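Novice: Shown below is the structure under consideration.
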Amino acid sequence: MIRSADRIFAGSVAGLALLVPATLLLITALLLIDAFPAIRAYGLSFLTTTTWDPVKLVFGAGAYVYGTLVTTAIAVTFAAPVAIGAAIFLTEYAPRATRAPLAFLIEVLAYIPSIVYGLWGFFVVVPLMRSAIEPALQAALGGVPILGVLVSGPVVGLDLLMGGVILAIMILPILLTVTREVLLAVPPSQREGMLGLGATRWETVTRVVLPYARVGIVGAIILGVARAFGETMAVTLVVGNSSTAISPSLFTPGYTMASAIANQFTEADSDLYFSAIVEIAVVLLLVAIVVNAAARLLIRRTGAAREGLLL
Amino acid sequence: MLVTRDREMGEMKQVMSRLLAASALALAAFIGACGGATTTPGPSAAADPCFPVKGQCPGEATALNGAGATFPAVIYSKWIDEYNRLTGVQINYQSIGSGGGIKSITDKTVDFGASDGPMSDQQLADAKAPILHVPMVMGAVVPTYNVPGVTTQLKLTPDALSAIFLGTITKWNDSKITTANAGVTLPDQPITTVHRSDGSGTTNIFTDYLSKVSPDWKSKVGAGNSVNWPGGVGGKGNEGVAGSVKQTPYSIGYVELIYAIQNKLGYAQMQNAKGKFVDASLDSVAKAAEGITLAPDLRVSITNSDNAEAYPISGFTWILAYQEMPDKAKALALTRYLWWSVTDGQRFAKELGYAPLPKDVASKSQEKIRSITSGGARALPGS
């Protein structure tokens, strides 16, 4: 009796567990079917050409790919140093009693709905960018080679830089949380050994803790990248939603893949148009799977998983 | 999925803001409804149990499903509500966008569709059954701007408007703008253009107008719910465009007339096809469909109307219906509802910010409704 009940239970939970990968497979398959007309029509050039013209039915997602890459790069550039610094402080320097509350406060950022970030960005940060920050950047960097190009052109506030800044704030919690877990997973014996040899705390952090955790931190950054790639609502509100021309200036209004889907899905009235939008979704999904898998692999290698870190 | 949720949120916001406006006007509408007791002119003079519209009609279906444009969603839900109170017929309208409306009626997943732009010849050919276009009400699109220091209402020529959005005019003090605005000092500042980032019937009317007045626009950009914009920034929904314009000095965008009125946005006067500068209002919008020749299938764009009093960026919104509906009960219910909408229902239009159909167009809509058949026989009672 007991045995058969056991077997039934084992079987049903196995079935439930299989439901999840089955859903993923189903979504991928359905997206591929819907994207097929666009894949057949454009092949790989879909990702490299930049004309997106629903009237003449010419679709190339190059500008969206570019916008996604640039905003993500900006986000990681801003968020990673902050997250790593804060994580070092929280694990190595902060008084024990303040560690948990501080970490909690930063993690709260992750619970704020995306649309709230978007509205705050649109009504508070964008006017600030347009009237103060971007003109100041232009004045300071305008004459500098290479950097000057990044800040050239008219200042509107709704641009790639702004999209990246919002993303930086949004990926900060995941970057910080994972980096902190990775640092915590560095065995105490490593620190103790170093301190026992007479090393300062600075030497301990730079010579032992960070090298030990390096791979895991890279994993954390990749998880942040994955989050930034798929983020939709907040970016849509501030990035400018314009796919006209790829320009090296970060002050040009841009467009990300996720925003393009959100904006154009409803009114995609021809089959090819619809299919092209679904193809963007396919690209996003594949990138998300690859990036997440890579990040998890790296984090596991630092031994964090063995220390009970659940990702 | 995230994408779907965001999309729904955008739509919800749009519908919600309209519903808010609708409820503010509900009292007025209620009084209006009490004043004008339902004396719907029926399709024939003979006595008919189905007209005037009151109570159930014998053999009528009690439920209908429709989907499509978001622009007319407020008046459609008002009509559906009023009609339900009169007859008990339950109509479910999902405002999923014009593209979705066309898709739904093409795939036969709804009893009727709705769109702000007419279906193309190709789309009609792809549909599984012949489809009719029935104009329901009218709307308009206005250029709204933010030019610090300018307090008088700007006047724009078609030439200036298309050049601004094409990017061939880049400064506010360009002679194309200043010549029509004698006495106004326009600044030597770059123009930022703002367009809809989401696909929209509003964009369709606006770009359709620009395609008519500018050969350059027609060849380089064209008309559609979404187009390949030559520049500027995109905002999501009317609120996204209006917000960006309000925030960005020296910018210009376009929004639905009703949205501009509700939010007290300044908008420009447009020069119409007869050379007259016209302020957008429900009356000047209605004029766009008056005294002009309509194509027999009513799939007609009325932007840049020849009427000398017309506001030029105006358009119809259509119900898409099957020419032949095999289900007799549904055909009866739909034709009766549509008939009521283009006759008695028109009195709700102005309160909700839509221009009612001019008489000659309303009678053409009625002809279309009469021509809907079920099993080869006319579906509308008394027709």
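The values are calculated or read from the model by the stated rules, or taken from the named source; none is laboratory data. Owing to the predicted nature of the structure, the values given are computational and were not obtained by experimental measurement. So basically every Cβ, Gly included, is an ideal-geometry build from the backbone, and we count neighbours across all protein chains shown.
Novice: Here are the criteria: (1) within 16 Å of B:S197 (Cα to Cα); (2) touching a Leu at 6+ places or on another chain (Cβ under 9 Å); (3) polar (S, T, N, Q). Tell me which single one A:Q264 does not satisfy.
Specialist: Here A:Q264 meets the rest and fails (2).
Novice: Would you mind finding the one in A:L44, A:L19, A:L25, A:L69 that is farther than 18 Å from A:L284 by Cα, part of a helix (DSSP H, G or I), free of Cβ contacts under 8 Å to residues at least 40 places away in the same chain and away from chain B (no Cβ under 14 Å)?
Specialist: Exactly one of A:L44, A:L19, A:L25, A:L69 is farther than 18 Å from A:L284 by Cα, part of a helix (DSSP H, G or I), free of Cβ contacts under 8 Å to residues at least 40 places away in the same chain and away from chain B (no Cβ under 14 Å), namely A:L19.
Novice: Next question, about the same structure. All but one of (1) facing chain B (nearest Cβ under 9 Å); (2) without any contact (Cβ under 8 Å) to a residue 60 or more places away in the chain hold for A:S270; which doesn't?
Specialist: Condition not satisfied by A:S270: (2).
Novice: For region A:252-264, enumerate the residues that are part of a loop (DSSP other than H, G, I, E, B) and at the interface with another protein chain (Cβ under 7 Å from one of its Cβ atoms).
Specialist: Answer for region A:252-264, where residues must be part of a loop (DSSP other than H, G, I, E, B) and at the interface with another protein chain (Cβ under 7 Å from one of its Cβ atoms): just A:P253.
Novice: Output the number of residues of region B:173-212 satisfying the condition of being β-branched (V, I, T), touching a helix residue (DSSP H, G or I) at 6+ places or on another chain (Cβ under 6 Å) and assigned to a strand (DSSP E or B).
Specialist: Matching residues across region B:173-212 total 2.
Novice: Also, I was wondering about something else. Could we say that B:L166 is away from every other protein chain (no Cβ under 11 Å), under 22 Å from the mean Cα position of the chain (by Cα) and either modelled with pLDDT of 95 or more or within 23 Å of A:G157 (Cα to Cα) (or both) here?
Specialist: Working: away from every other protein chain (no Cβ under 11 Å): yes; under 22 Å from the mean Cα position of the chain (by Cα): no; either modelled with pLDDT of 95 or more or within 23 Å of A:G157 (Cα to Cα) (or both): yes.
No, not satisfied.
Novice: Continuing with this model, one more query. For region A:234-251, enumerate the residues that are surrounded by fewer than 24 Cβ atoms within 10 Å (Cβ to Cβ) and either at the interface with chain B (Cβ under 10 Å from one of its Cβ atoms) or under 17 Å from A:F46 (Cα atoms) (or both).
Specialist: Across region A:234-251, the qualifying residues are A:T244, A:A245, A:I246.
Novice: Any idea which residue in region B:105-163 is farthest from B:P356 (Cα to Cα), counting only those that are in contact with a Phe, Trp or Tyr (Cβ under 6 Å, 6 or more places away or on another chain) and polar (S, T, N, Q)?
Specialist: Within region B:105-163, the match that is farthest from B:P356 (Cα to Cα) is B:S162.
Novice: I'm checking my understanding of the structure. Among residues of region B:219-266 that are among the hydroxyl-bearing types (S, T, Y) and farther than 25 Å from A:R130 by Cα, which one is nearest to the other protein chains (Cβ to nearest Cβ)?
Specialist: Checking each candidate, the answer is B:S226.
Novice: Let me ask something else about it. If a residue counts only when it is closer than 13 Å to A:A79 by Cβ, which helices (runs of 4 or more DSSP H) contained entirely in region A:156-228 have at least 2 such residues? Spell out the reasoning first.
Specialist: Working: elements: A:160-184, A:188-196, A:201-204.
Qualifying helices (runs of 4 or more DSSP H): A:160-184.
Novice: So which residues in region A:143-168 are over 23 Å from A:M233 (Cα atoms) and away from chain B (no Cβ under 14 Å), if there are any at all? Working first, answer last.
Specialist: Let us first name the residues in region A:143-168 that are over 23 Å from A:M233 (Cα atoms), namely A:143-154.
Across region A:143-168, the qualifying residues are A:G143, A:V144, A:P145, A:I146, A:L147, A:G148, A:V149, A:L150, A:V151.
Novice: Which ones in region A:116-137 are surrounded by fewer than 18 Cβ atoms within 10 Å (Cβ to Cβ) and either more than 13 Å from chain B (Cβ to nearest Cβ) or under 27 Å from A:T177 (Cβ atoms) (or both)?
Specialist: The answer is A:V116, A:L119, A:W120, A:V124, A:A132, A:I133, A:A136.
Novice: Every residue in region A:86-112 that is in contact with a Leu (Cβ under 8 Å, 6 or more places away or on another chain) and part of a loop (DSSP other than H, G, I, E, B), please.
Specialist: Hit for region A:86-112 is A:A94, nothing else.
Novice: Report every pair of residues separated by at least 6 positions or lying on different chains whose Cβ atoms are under 7 Å apart, first residue within region B:256-283 and hydroxyl-bearing (S, T, Y), second in a loop (DSSP other than H, G, I, E, B).
Specialist: As it stands, the answer is B:Y267/B:A280, since those pairs meet every condition given.
Novice: Given the conditions (1) farther than 29 Å from A:I146 by Cα; (2) facing chain B (nearest Cβ under 10 Å); (3) buried (at least 24 other Cβ atoms within 10 Å of the Cβ); (4) at pLDDT 90 or above, and given that A:E279 satisfies all but one, which numbered condition is not satisfied?
Specialist: Tallying (1) farther than 29 Å from A:I146 by Cα; (2) facing chain B (nearest Cβ under 10 Å); (3) buried (at least 24 other Cβ atoms within 10 Å of the Cβ); (4) at pLDDT 90 or above, A:E279 fails exactly one: (2).
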